[in-house]
Amino acid sequence: METPTADDLLQFRDYSATNSGTPAQINVNSPTHATGGGAGGAGGGGVNYNGQRQRGDPLSDLIYDMSNSAQNIIGGGGNDGSGGANASLGSADGGGTAGGGARLSFLTIEYYQQFFNVDTYMVLERIVNSMIPKRAATNYLRMNIGENPDLYGPFWITITLIFSIAISGNLASYLQQADDSYHWHYNFHLVSYAASCIFLYANILPAILWALFKYSLKPVDATDAVETDSASYTPSLLSLMCIYGYSLAIYIPVSILWVINISLLQWLLVITAALLSGTVLIAVLTPALRNSQYSLFLIIGILGAHIILAAGFLLYFFHSPPEAAALAAKTTPAPLIKNILPKLSTQAVAGDLPPANLTN
Amino acid sequence: MDSRLDMFEDVNTSPSLEGDMSIPGKRTTTTTAQHGVPEYNTLDEPIRETVLRDMRAVGIKFYHVLYPKEKSSLLRDWDLWGPLVLCTFMATILQGSSSADSMSDNGPEFAQVFVIVWIGAAIVTLNSKLLGGNISFFQSVCVLGYCLTPVALALIICRVILLSTQTHFLFFLRFVTTTIGFVWATYASFIFLGQSQPPHRKPLAVYPIFLFFFIISWLVLSHN
């Protein structure tokens, strides 16, 4: 412990002497939560990063405890469906009870209700924050998303995006061939391809980023007491998945606009959307990027992955039909040949898209 | 001790528990009747009556979906017969054949439609429960399944329209029919499921229902 006089003044608690041997209630380094990388509850985001702090820093302890108490007073009133665990969070113990009371089995539904603890306006707010750069505060990642990461937004945004891309892709191919007297059909495979692509992006990439953040932390100078806390901050896995899920929201209106078959417009939309959401990603992740040794590489990696995703959507789902249309134009004037080679034309026409894409 | 014996005696001499098991026909009791439990002895009735009773219950639910005024019967006596019939019917009609005919449509397989309907209903229900809704799992799946009725009707009408050669006007007609079916289905399920959510989360719970019916209506519309 540091010099007692100044810190004694700062300590409003009665049991300051027993601070190091705090009772089991405020057991923030308990095993269940120190190891839970992504399994945080409503206060779990706070508990999670707390597991990496040293408890012996009185000023930051005080700040943390008071902010936690304040949030639990507010949050306890707003939790209506989060089950018994969060309802038991009193204002007295702050983060401690969050560690003790939230020991729900992951087999109960109340455990998962923690991740759906959002209201309508919160979801809308997060979506808008993901589209407009600089709209969110600088500590958005830590204070807003980190304290209450939700899975509602990412899950439903990815599902909507999958179906909007599949539907718009089919519409685009229909419109591109309407004048060729081509018998249009519905290509259901687009749904499966879109689904795998988007789920991989929204889940694997945050996991990789989380690992990179965790293991590339800059070594921290212990003498600088105030900076220690924010300098050792790495976002939790759930927060990263939340951020990435919401960042895909901008592609939903863009995918609907991709139906318009003007190439220049499509590319313009791709670039605008990727730039906007890429900027938002970088801006939101700045507190964590600052702490990493490879910050420049991470920035380039994040932006690169985003641009590749957007361009990939455009090229794969909205551009290859011209090849299929050319093949169809060759086969339709020759119905006899079509009957003889039914499988070949069905495959080429029915959008076995990888071969068409390879010939691009 | 005495009072306990008294209580047992009381229960033993209660008229609703005494008697033969082989009482023919209906017999109403005046004691506690629970919801959903038949009030009469169904052990001896002919099978035809049992089947007809269940079919009547299913029919009443179809009627309540088409004219969503009274809310309680669908939720109270849920069953999954209606959704099964509707889902099988729609999947059979919507499946595209992968035959050698190149003019055939490459639509969804039977299994894909089946999975979309059932897994989709399960996911929407799970979402509503996770957001804190107080409705049971099977009640919600029942309501979502029964609310497919307007969409199935739209599918039948579209199939009839597809029998003639296609023009833009007929496509527009199919589009309008499908849209009406979709709006009707969403409205009906909103009436039934809307009350179970806290008000500040209602849009969050309604949006997946909207998406569910939108996807199924899209499958109906794009079938040709």
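The values are calculated or read from the model by the stated rules, or taken from the named source; none is laboratory data. The structure displayed is predicted, hence computed values, not measured ones. Because the Cβ atoms are built from the backbone with ideal geometry, glycine has one as well, and the counts that use them run over all protein chains shown.
Just a few scattered comments:
- Qualifying residue in the range A:129-143 (condition: within 14 Å of chain B (Cβ to nearest Cβ) and in contact with a Ser or Thr (Cβ under 9 Å, 6 or more places away or on another chain)): no
- Of residues in the range B:117-132 being assigned to a helix (DSSP H, G or I) and facing another protein chain (nearest Cβ under 9 Å), the one nearest to residue B:217 (Cα to Cα): B:123
The rows are residues; the columns are (1) away from chain A (no Cβ under 11 Å); (2) surrounded by 14 or more Cβ atoms within 10 Å (Cβ to Cβ); (3) without any contact (Cβ under 8 Å) to a residue 12 or more places away in the chain.
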position	(1), (2), (3)
B:167	yes, no, yes
B:172	yes, no, yes
B:179	yes, no, no
B:186	yes, yes, no
B:199	no, no, yes
B:204	no, yes, no
B:208	no, yes, no
B:213	yes, yes, no
B:224	no, yes, no
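- Matching residues, the range A:113-126, being assigned to a helix (DSSP H, G or I) and surrounded by 17 or more Cβ atoms within 10 Å (Cβ to Cβ): A:113, A:114, A:115, A:116, A:122, A:123, A:126
- Residue check, residue A:282 surrounded by fewer than 24 Cβ atoms within 10 Å (Cβ to Cβ) and either at pLDDT below 85 or farther than 23 Å from residue A:170 by Cβ (or both): yes
- Subset of the range B:170-203 (residues that are at pLDDT 90 or above and in contact with a Ser or Thr (Cβ under 7 Å, 6 or more places away or on another chain)): B:178, B:181, B:182
- Which numbered condition residue B:124 misses (of (1) at pLDDT below 90; (2) in contact with a Phe, Trp or Tyr (Cβ under 9 Å, 6 or more places away or on another chain)): (1)
- The single condition among (1) in contact with a helix residue (DSSP H, G or I) (Cβ under 6 Å, 6 or more places away or on another chain); (2) away from chain A (no Cβ under 11 Å); (3) β-branched (Val, Ile, Thr); (4) assigned to a helix (DSSP H, G or I) that residue B:135 does not meet is (4).
- Unique match (being at pLDDT 75 or above, surrounded by fewer than 22 Cβ atoms within 10 Å (Cβ to Cβ) and more than 16 Å from residue A:312 (Cα to Cα)) among A:159, A:198: A:159
- Taken over the range A:144-170, the criterion of being part of a helix (DSSP H, G or I), within 13 Å of the chain's Cα centre (by Cα) and more than 10 Å from chain B (Cβ to nearest Cβ) is satisfied by A:145, A:154, A:157, A:158.
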